[in-house]
Amino acid sequence: MSEQIGPIAVLGAGTMGHGIAQCFASIGAAVRLYDVDLPRAEKGRAQIRAVLDKVVAKGKMAAERADGIVGLVNPTADVATAVTGARWVIEAAPEDMQLKVDLLGKVKAAAPADAILGSNTSSLSITELGARVGAADRVIGLHFFNPPPVMELLEIVRGVSTSAATIAAAESMAKAIGKTSILVNDAPGFATSRLGVILGCEAMRMLESGVAGVVDIDRAMELGYRHPMGPLKLTDLVGLDVRLAILDHLTREIGEQFRAPPILRRLVRAGHLGKKTGRGFYVWTPEGPRLPMAGE
Ligand code: 3HC
């Protein structure tokens with residue numbers, strides 16, 4: 001199956017991109033991992049190495065297998081190198097339509113004419129992306145969840161002109177990488193982000209209005225509803241900037257119920273983007289998340 005799938009190009013080596021690359025390398029597919037400069041692309045591969053080192057240390061994977069997975073990931077800072085001969089291209093660039101259009105425009109010029117162009121967007125319109133790139137039949141939403149190697153869902157988003165063949169290929173690709181897929185029509189925030197951000201948003205409003213503290217709001221959902229993580233911790237994991245971009249988009253497209261709480265905008269302006277910067281609602285230490293100390 002990996003031969004039918006590979007080679008894959010993943011564009012963007014950040015939080016989601018390197019995890020998506022790991023999903024494909026884990027089934028033996030060759031992955032080109034692109035980012036705007038080589039150090040960023042190499043950092044993505046180093047993050048896969050770090051995750052797998054922990055799995056090996058726990059005795060849950062042989063060191064040779066981890067080496068094999070990492071060895072299938074080739075970092076590059078050149079779009080054409082990434083996509084030449086690729087059957088699948090998955091962009092995991094920041095949540096900005098123009099940026100994604102420009103990136104997939106470059107891809108279209110260099111990738112095979114029948115390559116499937118997937119977008120890991122959390123909320124933006126697949127229909128618009130496909131139309132603006134000029135390849136609407138083969139542009140599709142492939143929405144992964146953080147951390148991609150662990151989370152079971154792949155949300156497949158069908159744009160108005162995405163072809164039946166592209167959808168069928170995406171569904172069988174999902175199976176090949178061990179995911180369960182859902183098929184959703186193109187709508188702002190799809191099925192997942194639209195529901196997920198509203199919980200996070202309400203948690204922030206509750207924090208702002210003094211209903212409870214960060215830990216207690218999270219525990220309410222962890223222990224009372226068996227969510228694996230409370231909504232504020234999850235916002236830290238996803239990235240505060242990512243959630244803010246989704247909320248701004250959903251406010252424009254759907255309405256005021258998605259208006260971002262001031263605390264979110266303030267933390268983003270301060271550069272506190274969550275786990276990836278070491279601080280969001282929590283301070284992230286090697287031992288795990290803790291609350292910021294007074295004056296910190
Ligand atoms: N690669 C491979 N394995 C990994 C991994 C990775 N990147 N990250 C964690 N793991 C493995 C660990 O090795 C561990 O394996 P084990 O059980 O065999 O030892 C297992 O996953 C669980 O990890 P941990 O023990 O470190 O921690 P937890 O048990 O607390 O689980 C979690 C961590 C999986 C993140 C869990 O807390 C969780 O499910 N949280 C909710 C995540 C979620 O909701 N994600 C969706 C966010 S929304 C999104 O992404 C959409 C986007 O568009 C914004």
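The values are calculated or read from the model by the stated rules, or taken from the named source; none is laboratory data. Values in this document were obtained by computation on a predicted structure and should not be read as measured data. Every residue, glycine among them, receives a Cβ derived from its backbone with ideal geometry; neighbour counts consider all protein chains shown.
Summary of computed values
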item: Complete set of residues in the range 261-275 that are over 19 Å from the mean Cα position of the chain (by Cα), on the phi < 0 side of the Ramachandran plot and not β-branched (V, I, T); result: P261, P262, L264, R265, R266, L267, R269, A270
item: Test for H272: is it modelled with pLDDT of 95 or more and in a helix (DSSP H, G or I); result: no
item: Near pairs, Cβ below 6 angstrom, 6+ apart or cross-chain, from the range 81-96 (closer than 22 Å to A165 by Cα and in the same structural domain as S172 (by TED's automatic domain parsing)) to any residue that is at pLDDT below 95 and part of a loop (DSSP other than H, G, I, E, B); result: A86/P7
item: Hits in the range 85-122 - residues which are over 16 Å from G17 (Cβ atoms) and crowded, with 23+ Cβ neighbours inside 10 Å; result: A111, I116
item: Test: residue in the range 28-37 that is touching a residue at least 12 places away in the same chain (Cβ under 8 Å) and within 12 Å of the ligand (Cβ to nearest atom); result: no
item: Failed item, numbered, when M151 is tested on (1) closer than 28 Å to D248 by Cβ; (2) surrounded by 17 or more Cβ atoms within 10 Å (Cβ to Cβ); (3) within 13 Å of the ligand (Cβ to nearest atom); result: (2)
item: Check on E222, charged (D, E, K, R) and surrounded by fewer than 20 Cβ atoms within 10 Å (Cβ to Cβ); result: yes
item: Cβ-Cβ under 7 Å pairs, at least 6 apart or on other chains, the range 176-204 side without any contact (Cβ under 8 Å) to a residue 40 or more places away in the chain, far side away from the ligand (no atom under 15 Å from the Cβ); result: S181/E171; S181/A174; L183/R158; L183/I167; N185/R158; A203/I217
item: Top-ranked residue of the range 195-207 - restricted to ones that are more than 11 Å from the ligand (Cβ to nearest atom) and crowded, with 19+ Cβ neighbours inside 10 Å, ranked as nearest to R243 (Cα to Cα); result: C201
item: Residue in the range 241-267 that is nearest to M97 (Cα to Cα), counting only those that are within 11 Å of the ligand (Cβ to nearest atom) and buried (at least 22 other Cβ atoms within 10 Å of the Cβ); result: I246
item: Helices (runs of 4 or more DSSP H) within the range 1-57 that include 2 or more residues surrounded by 16 or more Cβ atoms within 10 Å (Cβ to Cβ) and at pLDDT 95 or above; result: 15-25, 38-57
item: Hey, A9 more than 11 Å from the ligand (Cβ to nearest atom) and under 19 Å from the mean Cα position of the chain (by Cα) or not; result: yes
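Yes or no, residue by residue, for (1) among the hydrophobic types (A, V, I, L, M, F, W, C); (2) within 14 Å of the ligand (Cβ to nearest atom); (3) out of contact with any Ser or Thr (no Cβ under 6 Å at 6 or more places or on another chain):
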| position | (1), (2), (3) |
| --- | --- |
| G44 | no, yes, yes |
| G71 | no, no, yes |
| I90 | yes, yes, yes |
| M97 | yes, no, yes |
| L104 | yes, no, yes |
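Yes/no matrix, rows are residues, columns are (1) among the β-branched types (V, I, T); (2) in contact with a strand residue (DSSP E or B) (Cβ under 8 Å, 6 or more places away or on another chain):
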residue	(1), (2)
A115	no, yes
S119	no, yes
G134	no, no
G141	no, yes
N146	no, no
I167	yes, yes
G196	no, no
